[in-house]
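Inspection log for the structure reproduced underneath, given as structure tokens.
The values are calculated or read from the model by the stated rules, or taken from the named source; none is laboratory data. No experiment lies behind these values; they were computed from the predicted model shown. Cβ sites come from the backbone with ideal geometry, for glycine too, and all protein chains shown count toward neighbours. The protein model used for the area step is the full one, side chains on, heavy atoms only, and it has no ligands, DNA or RNA in it. Shrake-Rupley method; radii C 1.70, N 1.55, O 1.52, S 1.80 Å.
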Amino acid sequence: MSLFEKFNRYDEMRSYFEERGTMPFGAVTERSLSSTEAIVNGHRVILAGTNNYLGLNFEPEAIAAAQGAIEESGTGTTGSRMANGTFADHLMLEKDLAEFFGTKGAILFSTGYSATMGMSATLAGPGEVTLLDADSHASIYDGVRLSGAEIIRFRHNDPADLEKRLRRLGQRAEKTLIIVEGIYSMLGDFAPLEEIASLKRKYGAYLMVDEAHSLGVMGDNGRGAVAEAGVEDDTDFIVGTFSKSLASIGGYCVSNHPELELVRYAARSYIYTASASPSVIASTRVALKLMRQRPELREQLWKNAHRLHSQLAELGLQIESHVSPVVAVKLENTETAVRWWEDLFQKGVFVNLVIPPASPSTYSLLRCSVSAAHSTEQIQRITDAFSTLKE
Ligand code: PMP
């Protein structure tokens, strides 16, 4: 008997990959060549599985701002927001976000994970209810487990199932937080936000939307899925991350509820962790500005999404019917998925391998995602690599 017995299954997986001489999980980027190419594990590859939707990770203005911030304010804040880690720039970014989303308030977290997790853990508590989409991200699940609220899952993207559960709650619906995502990270599908918002209104519940994958991707100025669906007034809280479209790290929550300010005193993942480094805040502020100034990036992203989706569909691969910057190829057999991932990698295409339990069901995924920075030729190369794969 040992404390470590439960780790054996991870060791089995690790040995399996070691014997094959590959490691899809934790592959090492040895050198970045551009937003879309790098040397990874010794191979020059097209990055076809990042969340770098707008390709903003090498913007000279963002780099200069980060460098300037390091010189002025140092490499780290060495403290939490509640202690010594609130710098003027944190407040400026909160102001930028509130202005961008048109909300009364905004608060920063040090990562997207701690934003979503912290808000999910804090908003509904003991004696209250969280109703979450079954395919919610781990950060949502982790948060609600900590919250002490009753956890009820509804079928993925199924408003009828959500309504059934709201109805059953009766009066308790008024102390219920519904949590959904704008775009789901694994399959790139969209929450039916208009229907969800109208149910929230009908039953008097609260709604939080995680826009991790939809900021910069949907809505006017990239304001996200909530803006695109026109349900800002019914969305009580928007959470999101800087690590995808804004090519940085950190998270946020914006809201019109004045109580958002009180979350600073209640959310443990806000209180008990160091605040984001000055350089991170500086590059995020520039990226947010560029995202608004350059709508052509979003247009290019969607062109690329359509291109990759139609090319992979033409190959007869099993992909979702909706077009989204995330294009996931589904495979029933995990071994085939691993072999295909290796073949793609050898051919210079680096996608995300997702195997159960990380995938939303029993199948495995080769999760591709496009960036505005991909060229037509790179998307063709991704497609060509897929076209050579054999069952
Ligand atoms: N929410 C969702 C839906 C996500 O996909 C992710 C990241 N995969 C996060 C939150 C956490 O964001 P971060 O990686 O920036 O901490």
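Here are the numbers:
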quantity: List ARG201, ARG172, ARG367, ordered by accessible area with a 1.4 Å probe, largest first; calculated: ARG201, ARG172, ARG367
quantity: Cα-based Lys pair tally, the chain, threshold under 20 Å, eight or more apart or on separate chains; calculated: 13
quantity: Per residue accessible area of segment 309-355, 1.4 Å probe, in Å²; calculated: 40
quantity: Diffusion constant of the chain at 10 °C, which comes from Stokes-Einstein with the Kirkwood Cα-pair radius and 1.306 mPa s, µm²/s; calculated: 73
quantity: Pairwise centroid distance, computed over Cα atoms, of segment 259-276 with segment 7-39, Å; calculated: 34
quantity: Cα-based Rg of segment 77-276 normalised by 2.2 N^0.38 Å, two decimals; calculated: 0.95
quantity: Probe 1.4 Å, all protein chains present, accessible-area order of MET1, MET119, largest first; calculated: MET1, MET119
quantity: Segment 135-218: relative contact order as a whole-number percent, Cα under 8 Å and 6+ apart; calculated: 30
quantity: Segment 314-391 and segment 179-239: distance between their alpha carbon centers, rounded to Å; calculated: 26
quantity: Residue-normalised accessible area of segment 57-171, given per residue in Å² at a 1.4 Å probe; calculated: 47
quantity: Accessible surface, 1.4 Å probe, highest first, among residues GLU12, GLU261; calculated: GLU12, GLU261
quantity: Of all accessible heavy-atom area on segment 77-276, the percent that carbon and sulfur account for (1.4 Å); calculated: 51
quantity: DSSP-defined antiparallel bridges as percent of all bridges, the chain, nearest 5; calculated: 60
quantity: Amide H contacts under 5 Å for VAL40, placed H, 5+ residues apart; calculated: GLU30, VAL45
quantity: Estimated distance in nm for a label pair at ILE151 and LEU262, the labels positioned 7 Å out from Cα along Cα-to-Cβ; calculated: 2.5
quantity: Relative contact order of the chain, pairs being alpha-carbon contacts under 8 Å that are 6 or more residues apart, as %; calculated: 22
